[in-house]
Each structure stands twice: as C-alpha cells, then as structure tokens.
1. Cβ contacts < 9 Å: first residue among the hydroxyl-bearing types (S, T, Y), restricted to region A:369-395; second residue surrounded by 18 or more Cβ atoms within 10 Å (Cβ to Cβ) and assigned to a helix (DSSP H, G or I), any location; separation 6+ or different chain. Result?
2. Kindly evaluate A:L226 against the criterion of being closer than 23 Å to A:L337 by Cβ, surrounded by 16 or more Cβ atoms within 10 Å (Cβ to Cβ) and within 14 Å of RNA strand B (Cβ to nearest atom).
3. Within the group A:N128, A:N194, which residue is among the polar types (S, T, N, Q), open to solvent by 10 Å² or more (accessible area, probe 1.4 Å) and within 16 Å of RNA strand B (Cβ to nearest atom)?
4. Among the helices (runs of 4 or more DSSP H) contained in region A:472-580, which hold 3 or more residues that are within 12 Å of RNA strand B (Cβ to nearest atom) and crowded, with 18+ Cβ neighbours inside 10 Å?
5. Kindly indicate whether A:T211 is more than 26 Å from A:K335 (Cα to Cα), open to solvent by less than 40 Å² (accessible area, probe 1.4 Å) and either touching a Pro at 6+ places or on another chain (Cβ under 9 Å) or touching a residue at least 40 places away in the same chain (Cβ under 8 Å) (or both).
6. Can you confirm whether region A:629-647 contains a residue that is within 38 Å of the chain's Cα centre (by Cα), at pLDDT 90 or above, crowded, with 17+ Cβ neighbours inside 10 Å and not hydrophobic (A, V, I, L, M, F, W, C)?
7. Report, by residue number, each residue of region A:137-149 that is open to solvent by 10 Å² or more (accessible area, probe 1.4 Å) and either within 21 Å of the chain's Cα centre (by Cα) or of a type in the set (D, E) (or both).
Amino acid sequence: MSKDLPTAYNPKETEDKIYQLWQESGFFTPENLPGKRKEKFVTCIAPPNITGELHMGHALEYTLQDIIVRMKRMQGYKTLWLPGTDHAGISAQNVVEKQLVKEGTNRHELGREKFIERMWQWREKYGNTILEQFKKLGLSVDWTRTKFTMDPDYQEAVKTVFLHYYKKGWIYKGVRVINWCTRCATAISDLEVNYVTEKGKLYYIRYGPFTLATTRPETKLGDTALAVHPDDARYKEFVGKELEIESVDNSIPTGEPPKSKKIKILVVADGAVDPKFGTGIIKVTPAHDITDAEIGQRHNLSSVKIIDEHGRMNENAGIRYQAMKTTEAREQIVKDLEAIGLIEKIEDYEHNVGRCDRCNSVIEPLPSEQWFLKMKDLTKLALEAVESGKVKIHPERWQEPYKHWLNNIRDWNISRQLWWGHKIPIEGEEDVLDTWFSSALWPLATLGWPLLRQGSEGQASQSDFEEYYPTDFITSDRGILFLWHVRMIFSGMEFTGQAPFKDIYIHATVLTKDGKRMSKSLGTGINPLDLIEKYGTDALRFGLATQLTGLQDLRFGEDLLVMGKKFANKLWNIARYVMMALPEDYKWEVKKSSTGLAPIAAKLDEIASGVTKNIEHYEFAEAANSLYHFIWHELADKYIEESKDKTDQETYDTLAYLLTNCLKLLHPFMPFLTEEIWSNLTISDKNLLMVEKWPT
RNA sequence: GGGCGCUUAGCUCAGUGGUAGAGCGACUCGUUUACACCGAGUAGGCCGAGGGUUCGAUCCCUUCAGCGCCCACCA
C-alpha cells in the first residue's frame with residue numbers, strides 16, 4: 001500500500017508518464033481493446049490546420065470530445081477517435097509566403113515546384129506540432145491512424161469525388177463575378193469574405209436627369225445600365241429607353257484637365273432595386289458587383305471589366321485611369337466629375353466592406369473563369385439528412401440557420417488560384433481546389449474510402465470504411481457549420497447514402513473574460529499550454545467542463561481552473577486517506593453493487609447514472625458539478641469525517657467502493673490524476689483505468 | 001433588413017411555476033496527522049426594465065433596453 005505518497009498531487013510528474021502508459025497499452029486503437037466489443041463508437045475530429053497552434057477553442061473542443069470517448073470506451077464500446085491535420089490551402093500558403101518575404105524572396109521567384117517543396121518541408125517541421133500537443137491534453141486518439149488531407153490515398157478520394165461530380169455534369173467551368181482577393185491573388189468563396197462596417201463616402205453623381213449615389217465612383221467606368229424598381233412610378237417612363245447623358249471623357253490623359261462626353265445608357269427595371277433607398281435608382285456595373293452581375297444577366301446587359309486581378313484599372317477604364325489602383329482612380333474620377341460639374345454632393349457614410357478572411361485585404365468582385373459545383377441536388381441531400389433526423393444538430397436551435405443557409409445557396413466556386421492544395425484533376429488545369437472540397441471528405445477519406453485500407457500490421461483485413469463508417473459524433477465551434485459540416489453531410493449522402501455522423505454538437509465559443517474574441521494578434525489569446533503548466537491538464541479539463549453549458553459564448557476565467565486544481569488535490573488526498581484507513585491486508589476488489597454498504601454508496605449509484613445521462617446529453621457542466629459536489633461535500637466532508645473512528649468491514653468496503661467508482665466517473669474529465677491514483681491501488685486483476693468498466 | 005443567444009451575489013456562471021445556488025474573491029474563527037490547494041461559519045442579489053397569464057413568476061407570454069453573434073445583393 002502506497003502510504004508514502006506526497007501530500008499534494010503533482011501533475012508534472014504524472015502526466016507524461018501516464019500518457020506513455022496509455023500509448024504503450026495500445027488501447028487507443030480499437031482493435032486492441034480488451035474484451036469482446038460488438039458495438040462501436042466512432043467520433044470524428046475537426047482536424048486542426050497545419051498552421052495551427054493550440055488555442056482555447058481546441059482545448060475546449062477536444063476535451064469535450066475526449067470526455068465522451070473515454071466514457072464510451074469504459075462502457076465497452078469499440079471506440080475510435082482518429083487524429084489528423086488539414087493542409088489548409090490558403091492560410092498555410094500565406095504563412096509560408098510571409099516566411100519567403102522575410103527571406104527577401106517570393107513564391108514566383110521560387111517557382112511552383114520549389115514552392116510546393118517548401119510547403120511540404122514546412123508541414124514536416126511544424127505541421128504536426130499541434131498533434132503533439134494533443135498528448136498534453138490527454139486525448140485518447142488512435143495514433144496509428146493519423147491522417148493528413150494531402151496523403152496519397154486522400155488525394156485519390158478527392159480525385160474520385162471530383163470526377164464523379166464532373167461526370168454527373170455538376171461541375172462546370174464558367175466566367176462569373178466572384179470574390180477576388182487581390183493580395184492572395186485567388187478567388188475566394190462567399191463564406192471567406194468578412195463584411196466589416198467602415199467609414200467611407202457616399203458620392204451623389206448626376207446621370208442625365210437623375211442623381212444617384214454610390215460608394216465606388218470608379219466603377220462608373222464599367223456601368224452598362226441604370227436600374228429602377230419595376231413598380232416605381234417616378235421612373236416608369238424611362239424604363240427600356242436609352243438615355244444620352246453626360247459623363248467624363250476617359251480618353252484624355254491624366255495630365256490634362258478633364259472633359260465631359262456624351263454616353264448612352266439603358267434604363268432597366270429590376271426587383272433587386274430598393275425604391276425606398278436613396279433616389280431609388282442605381283447604376284449597374286455587371287463586372288464588379290455580384291448583385292449587378294445578376295441584374296445584368298437578367299437583362300442581357302454587357303459586362304465591362306475595368307479592374308484587373310491586381311486591383312488596378314485596366315485598359316477598359318480608359319487611358320486617363322488605366323493602371324491606377326482602385327482607390328487612386330476613385331480620387332481622380334471624383335476630382336474630374338467635380339470639375340465638370342457632375343458631382344452633386346458627397347456625404348460621410350458607413351457601409352460594409354468585404355475583406356479577405358485570411359489576409360484582411362479588400363475584396364474586389366470581378367469576372368473570372370472558375371470551376372463551380374452545382375449545389376441544387378447536393379443541397380437537397382444535406383437538407384434531407386437533417387430534416388429526416390439522420391443527423392441531429394445540438395443545440396437544436398442551429399437547425400434553422402443550417403436550413404436557411406442551404407435554401408439560399410449559390411453554386412460553389414471550388415477553384416482557387418493557389419499552389420498549395422489538391423490540383424484540379426483535369427489535364428492542363430493549373431488551379432487547386434478549395435480546401436473545403438477536400439475537408440468535406442474527411443469522414444470518408446480518413447477511413448480509407450474509396451480504396452480499401454492496406455492492412456497494416458494488427459489491423460483487421462476489412463477496410464476501416466466498412467468497419468467504422470458512419471461515425472457517431474462530431475463537435476465544433478459554430479463557425480464551421482456551413483463551411484464544413486454541411487459539405488461533409490452532402491458528400492457522405494451522395495457517396496454512401498449515409499450521413500457521415502449522427503450527432504453534431506455545436507459547442508460554445510471561448511471568449512476572454514471581457515467578452516472579446518480570443519486572438520493572438522489582438523493579444524487577447526490564452527495559450528492552453530501555459531494553463532496546463534500552471535494548473536495541470538486535469539484542472540484545465542475539469543475547469544473547462546464545468547463551463548460547458550451549451551451557450552453560444554463562454555467567457556473564460558481562470559477561477560475555474562483554480563477550482564479544478566484544488567479539486568484534483570482534494571481527490572488525491574481522499575485517495576491517500578482511504579489507502580491509509582484501510583487495513584494492510586484489505587482485499588481490494590472492484591465491487592459491482594452497493595448492496596450491503598452504507599447508504600452513501602447508493603447515493604453514488606444515483607450520481608453515476610446522472611453523470612452518464614448528462615454526458616450523453618452533452619450536459620458536461622452538470623456532470624462535472626454533480627461529481628464535484630458529491631466527492632467534496634458528501635464523501636469528504638461528511639462520510640469520511642464520520643468514518644474516522646469506525647473500523648468495521650462495511651465502512652472499509654464502502655470507502656473502497658466510493659473511491660474506485662469516483663475514480664471511474666471522474667476519469668473522462670481528469671484522466672491523468674485518476675489513472676495515477678488507480679495505479680497506486682493494490683487491486684488484484686486490474687487493468688488500466690481507461691479500460692475499466694464504467695459504473696452504471 | 002432577418003434571425004439567434006445572453007442580461008441572477010464583487011467576478012465567471014448554474015438553476016427551478018411556490019423561503020434564491022456554485023466556484024473564485026471578501027470577512028470571522030480553527031496549528032483535530034488525508035488535504036491550509038483544508039475545516040466550521042458570515043456577509044453580499046427588489047434574478048436588466050415595463051406590461052400580461054397565474055392563487056403565486058427569476059422561471060411562461062409580450063414589449064423595451066443593453067451586450068454579443070450569425071445570415072443578407074442596401075447601391
């Protein structure tokens with residue numbers, strides 16, 4: 001009996017040692033689990049980016065997932081949690097590009113081949129750092145199945161999917177007005193544009209008999225029509241007519257004073273125009289505004305591209321403005337219009353400016369030839385999966401946004417003008433696929449779809465896909481419900497007829513104590529590894545668990561970690577006490593029933609079934625709190641105090657029963673500490689706690 | 001413009017149709033060998049504001065305010 005344990009729990013001396021024990025046991029791999037396990041429990045990870053560094057969101061998400069996985073494993077399920085990383089196209093490429101800039105070069109100088117080599121080097125060196133940090137968090141993932149979204153078999157899966165869609169006629173190439181990032185020099189999807197309210201100007205410009213307002217006067221050079229609402233009585237007589245109006249002459253060199261010239265412009269009627277806004281009449285620039293492009297399509301308007309991929313005016317803007325940046329052109333044209341008397345007034349104005357999600361540059365909508373995936377049928381599949389209950393979203397309130405988004409979706413622009421990513425599998429194509437195109441296949445491709453897994457040693461010969469698909473559970477921040485979950489769902493439905501997981505749990509987003517977004521660049525980020533250093537992993541996990549209540553946001557405070565640390569210590573000392581109180585020759589056995597024990601044992605049974613239900617229903621805070629309260633205030637404060645002068649068998653058995661079962665119940669939350677205590681108990685025939693039987 | 005969430009003790013948050021709870025912090029006592037990372041206590045809340053339903057509301061309905069987030073083609 002180890003009575004000489006220190007009076008305080010020491011996470012640092014425990015954690016690495018215990019993690020190694022787990023790894024050596026092989027129990028993270030489902031095939032190695034003891035006993036006959038017919039029922040499976042498979043959870044799907046959200047693979048971190050290779051650019052990633054562990055942040056509080058990860059700590060929360062993965063802790064939550066590990067709690068479930070560990071409980072399921074103890075309940076006797078054949079449990080798989082497969083780890084991996086995502087190549088993260090645009091963000092990873094940006095990181096390495098920044099590195100190159102520091103070295104005084106760039107990717108174009110390096111050339112495509114060398115650059116991709118650099119990307120792989122980078123991923124070798126840093127890409128798995130975050131996976132190493134998984135060990136610090138105590139995550140019970142199957143390291144033998146680690147995946148990367150650019151692994152050879154994963155690339156096969158991507159190719160298969162692309163060609164499948166292509167043959168179905170769902171993939172097409174077309175010139176569309178898309179969101180273009182002039183810095184990243186690539187198309188990006190609607191979801192990668194962040195709209196930020198910014199101060200700008202609203203310019204009122206005379207267009208013949210009308211005055212209309214715009215925030216982007218430079219796009220005037222690409223106007224091909226004016227539009228009014230069909231029911232707007234004020235302008236009815238103009239609809240369908242071509243007006244001759246005065247504009248600026250863009251053929252005059254910049255050095256010379258501006259002149260006006262007459263141009264002709266058509267007036268169309270379109271429902272997209274809000275008659276109540278401004279003068280109720282808008283200019284239509286089909287090449288540089290997505291709404292205008294749609295109006296243009298409806299009315300067969302020509303589209304004049306005046307801004308190029310670098311964000312500069314091109315030859316269509318006329319010699320006077322050509323080669324200027326859009327912002328310069330704006331100043332110039334305003335000056336010119338003022339000089340020839342076409343500006344009526346300029347007002348300060350707040351409006352939404354689209355910025356690149358990855359580099360924060362202003363997005364320039366422009367026409368570009370891209371690959372698109374038709375969303376019509378896939379949308380149906382994704383809706384069907386949720387409406388039929390094949391996929392359940394928790395908390396339920398996220399179902400509506402999910403449906404709403406799908407019902408308003410456009411075709412998906414899947415091509416990116418990047419170098420790092422899956423190449424479009426069509427000959428002569430230089431572009432790569434949107435990262436989410438491959439991420440969408442994660443639950444499929446990681447399990448070996450469409451190829452059979454090459455039977456590595458000790459593996460069953462049948463493929464992982466047959467064995468483990470579909471998975472049971474996935475959890476994420478709300479931010480990627482549309483970017484990722486939707487796409488995994490329709491991919492799964494399309495290729496297997498089954499949704500890739502049964503339950504989605506949207507967990508809270510971790511904010512700072514002031515309610516601000518945690519961000520490294522804002523200096524508001526907290527590194528979970530620092531917290532682990534300070535409090536220990538179990539304290540972090542337990543503290544997080546008590547804050548996991550299913551709300552949208554979670555203001556993270558360290559108080560809860562203080563609590564977690566104290567609690568870890570309390571449990572440690574409870575264990576020390578019990579070991580000390582029991583006689584030398586006490587026969588430890590893991591009792592199955594509370595019958596014949598003190599009443600508190602039955603109380604524990606109640607707690608146990610409550611905790612089980614709580615975890616199954618994602619009520620982590622409830623589970624953690626009930627354990628905390630029972631262990632501290634019922635077991636320690638009351639029962640142990642009362643038992644101090646008792647030496648009968650019932651008391652001994654009760655103490656042993658309480659301790660062993662509390663360790664089990666607490667193991668998913670505090671795996672290191674509980675496993676360490678367990679290893680000190682002189683129970684014969686025991687296994688690692690992580691595979692002991694769950695007490696319900 | 002539409003939608004969602006939140007508003008409870010100094011701080012972070014639980015919670016229930018019927019005398020309000022936890023952790024952290026504060027205060028008072030306690031040198032009892034499991035634990036001072038402890039124990040026994042104490043203080044501190046018209047449960048955001050107004051209205052309604054009810055015998056009774058912090059909890060249900062409604063309006064409003066503040067904060068946060070998501071979606072959207074407001075020039």
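The values are calculated or read from the model by the stated rules, or taken from the named source; none is laboratory data. Remember, it's a predicted structure, so these values are computed and weren't measured experimentally. Virtual Cβ from ideal backbone geometry, glycine too; neighbours counted across all protein chains shown. Heavy atoms of the whole protein, side chains included, go into the accessibility calculation; ligands, DNA and RNA do not. Shrake-Rupley method; radii C 1.70, N 1.55, O 1.52, S 1.80 Å.
1. Filtered contacts from region A:369-395: A:T379/A:L406; A:T379/A:V486; A:T379/A:F490.
2. yes
3. None of the others qualify; the one that does is A:N194.
4. A:537-545
5. Values: more than 26 Å from A:K335 (Cα to Cα): no; open to solvent by less than 40 Å² (accessible area, probe 1.4 Å): yes; either touching a Pro at 6+ places or on another chain (Cβ under 9 Å) or touching a residue at least 40 places away in the same chain (Cβ under 8 Å) (or both): yes.
No, not satisfied.
6. No, region A:629-647 contains no residue that is within 38 Å of the chain's Cα centre (by Cα), at pLDDT 90 or above, crowded, with 17+ Cβ neighbours inside 10 Å and not hydrophobic (A, V, I, L, M, F, W, C).
7. Looking only at region A:137-149, we keep the residues that are open to solvent by 10 Å² or more (accessible area, probe 1.4 Å), and these are A:143-144, A:146-147.
Selection gives A:T146, A:K147.
Per-residue answers, yes or no, for (1) at pLDDT below 90; (2) surrounded by fewer than 18 Cβ atoms within 10 Å (Cβ to Cβ); (3) more than 16 Å from RNA strand B (Cβ to nearest atom):
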{"position": "A:E246", "(1), (2), (3)": "yes, yes, yes"}
{"position": "A:T254", "(1), (2), (3)": "yes, yes, yes"}
{"position": "A:D274", "(1), (2), (3)": "yes, yes, no"}
{"position": "A:Q297", "(1), (2), (3)": "yes, yes, no"}
{"position": "A:K325", "(1), (2), (3)": "no, yes, yes"}
{"position": "A:I333", "(1), (2), (3)": "no, no, no"}
{"position": "A:D348", "(1), (2), (3)": "yes, yes, no"}
{"position": "A:V353", "(1), (2), (3)": "yes, yes, no"}
